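Working notes, structure below.
Read the figures in this text as sums done on the coordinates, not as results from a lab. Computed from a predicted structure; not experimentally measured. When we count neighbours, we look across all protein chains shown, and the Cβ atoms used for this are built from the backbone with ideal geometry, even at glycine.
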Amino acid sequence: MKNLFIIFLLFTTPLSAQTLTEAKAMYTKGEYEKALPVFEQELKRKPKDINLNYWYGACLYHTGKPTAALPYLVNGEKNKIPTASLLLADYYYKQYQFDKSATHLDKYIAFGLSSNSAEVARMIKATDKAKQMLKAVEDVVFIDSLVVPMDSVFENIRLHSANGTILPLKKLFPEKGDSLSMAYLTERKDRVFYDNTTAGNGWDIFSLNRTMDNWEAIDLVKSLNQSSNERFPYVLNDGITIYFASDGYNSIGGYDLYVSRYHLATESFFAPEPLPMPFNSVYNDYLYIVDEYVGRGFLVTDRYAGKDSVTIYTFIPESTRKILGGKPEREILDYARLASISLTQNGINTDSVLRILDERYQYDNNTVWQELDDADSEQLRFFIRDGLVYENENDFKSEEARLAYLQYLKLQARFNNLNTQLEADRLKYTGKDSPEQQELTSRILNAEWVLLFLERDIPLKKYEIRRLELEKIDASINN
């Protein structure tokens with residue numbers, strides 16, 4: 001029996017040593033998931049081994065278990081393991097405890113190592129910048145969050161068509177980009193902004209103009225591109241404000257979000273500015289969208305999302321920026337990192353807000369002509385220019401102008417009917433807390449919102465009709 005035990009030891013000891021050697025190799029290659037169980041088993045045999053404690057803690061950290069890793073990393077730093085200090089700096093950085101992060105960075109620097117000097121310099125800059133950003137956190141209300149796979153972002157953002165369209169780049173240009181590449185197409189579909197790879201320069205943003213059936217490159221966004229990666233562009237309806245993500249410009253995370261505006265005099269964009277916290281974070285923040293027509297925004301980030309997933313936050317955009325103030329330091333920190341969106345809501349009934357926003361989307365996007373088809377749309381006299389007034393649709397020379405005129409009639413009819421309904425609902429409103437009054441309140445708010453859009457859209461439609469008809473008339477004269 002004793003001989004059998006000796007034979008067992010002879011066979012098992014080399015196997016254990018060999019497995020540990022393999023685990024170290026896996027660790028060096030960054031294969032932490034594979035190395036972790038081996039280090040865990042070895043640590044049970046040698047619980048006081050300094051290196052095993054560190055390797056195990058580092059594997060825990062790199063496999064998404066930072067809290068469990070913390071005591072092992074602290075022990076590693078006490079035992080003068082330099083990279084333990086570096087991981088602790090990263091841990092506290094991601095907790096938004098930037099002073100603690102800086103302390104551990106200082107401890108790492110004290111070892112006098114040069115192998116990670118560029119990364120350490122980047123971390124120092126990021127820490128200093130993040131500390132400053134924490135002093136000016138934006139006060140914004142987040143009303144919803146949704147975790148989705150990274151490749152399903154586009155289908156989970158409902159953007160009003162009047163803002164233009166966001167879509168996977170490959171749907172527009174199959175030969176460009178990757179599965180995550182984004183294209184933003186303007187409402188008139190005559191200009192597109194997108195991200196694509198470049199030879200030796202990572203990802204850049206590009207823009208094209210449509211001329212007839214062709215797309216032509218323009219240098220509109222060239223000045224925004226750096227030696228870093230710039231991706232996920234979105235442009236507001238003013239045509240000059242662009243939001244995008246970059247892992248350059250001294251970002252505080254991987255990708256940060258930036259805004260810039262086009263300067264007409266110089267025909268270039270101003271230097272981009274980072275968005276404030278909580279839009280930017282110490283994680284990857286990819287996409288910032290404002291739906292100006294519905295009155296909601298979307299933030300796409302990988303914070304709290306898990307592997308290969310992102311979180312889509314819905315927020316209420318404000319016309320002017322307001323800095324968060326009057327809160328305890330801990331609450332500001334949690335607000336900045338979006339520890340919970342409920343912190344931002346101040347007692348707002350988010351279900352009600354989400355319902356109203358969705359109804360606005362449905363109303364205005366379906367000013368889409370389904371709802372309008374039910375409206376009476378009697379023919380109206382239409383002024384084209386001095387001395388030229390049309391009595392009905394048959395007077396139009398341009399087919400495009402005639403169709404636009406029919407849409408105008410429906411818009412006008414919808415406006416009249418909605419105004420009548422609103423006046424009637426206001427007479428019924430008492431302000432009492434009852435289901436009927438709550439429904440009435442929602443209907444009044446929606447009607448007021450839709451009327452605002454109609455007041456904007458009707459003059460624009462009339463302008464479009466005149467432009468199309470006069471172009472047709474002028475073309476026929478010239479021919």
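Values computed for the structure shown
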quantity: nm² value of the averaged projected area, convex hull over the Cα atoms of region 105-188; calculated: 10.2 nm²
quantity: Cα gyration tensor category, rounded, prolate or oblate, for region 138-348 with a/c compared to 1.5; calculated: prolate
quantity: Integer Hz, Karplus 6.51/-1.76/1.60 couplings in order for region 176-191, x for Gly and Pro; calculated: 9, x, 10, 5, 9, 5, 10, 10, 10, 10, 5, 4, 7, 6, 10, 8
quantity: Hz values of 3J(HN,Hα) by residue in region 199-205 - Karplus curve (6.51, -1.76, 1.60), Gly and Pro given as x; calculated: 5, x, 9, x, 9, 10, 9
quantity: V310 long-range amide H proximity, modeled H, under 5 Å; calculated: V148, M150
quantity: Pair R385, E423: separation of 7 Å Cα→Cβ label points (nm); calculated: 3.7 nm
quantity: Label-point separation, I348 to F111 (7 Å along Cα→Cβ), nm; calculated: 4.6 nm
quantity: Using θ = phi - 60° and Karplus 6.51 cos²θ - 1.76 cosθ + 1.60, couplings along region 266-283 (whole Hz; Gly, Pro as x); calculated: 9, 6, 8, 8, 5, 4, x, 10, x, 5, x, 5, x, 5, 9, 8, 7, 10
quantity: Other-chain or far-sequence residues with amide H under 5 Å of D291's (modelled H); calculated: R296, G297, F298
quantity: Helix-only mean residue ellipticity at 222 nm for the chain, each DSSP H run of n ≥ 4 adding -39500 (n - 2.57), per residue, nearest 500; calculated: -15000 deg cm²/dmol
quantity: At most 15 other Cβ within 10 Å, DSSP loop - trypsin sites (Lys or Arg not before Pro), region 167-203; calculated: K176, R188, K189
quantity: Region 56-148: chymotrypsin sites (Phe, Trp or Tyr not before Pro) falling in loop per DSSP and having at most 15 other Cβ within 10 Å; calculated: F111
quantity: Violating pairs (Cα-Cα greater than 23 angstrom) within the set K107/K135; K94/K129; K428/K462; K125/K176; calculated: K107/K135; K428/K462; K125/K176
quantity: Stokes-Einstein D for region 63-221, Kirkwood Rh over Cα pairs, 10 °C, 1.306 mPa s (µm²/s); calculated: 80 µm²/s
quantity: For the chain, the spread of Cα positions along each principal axis, largest first, Å; calculated: 111, 63, 49
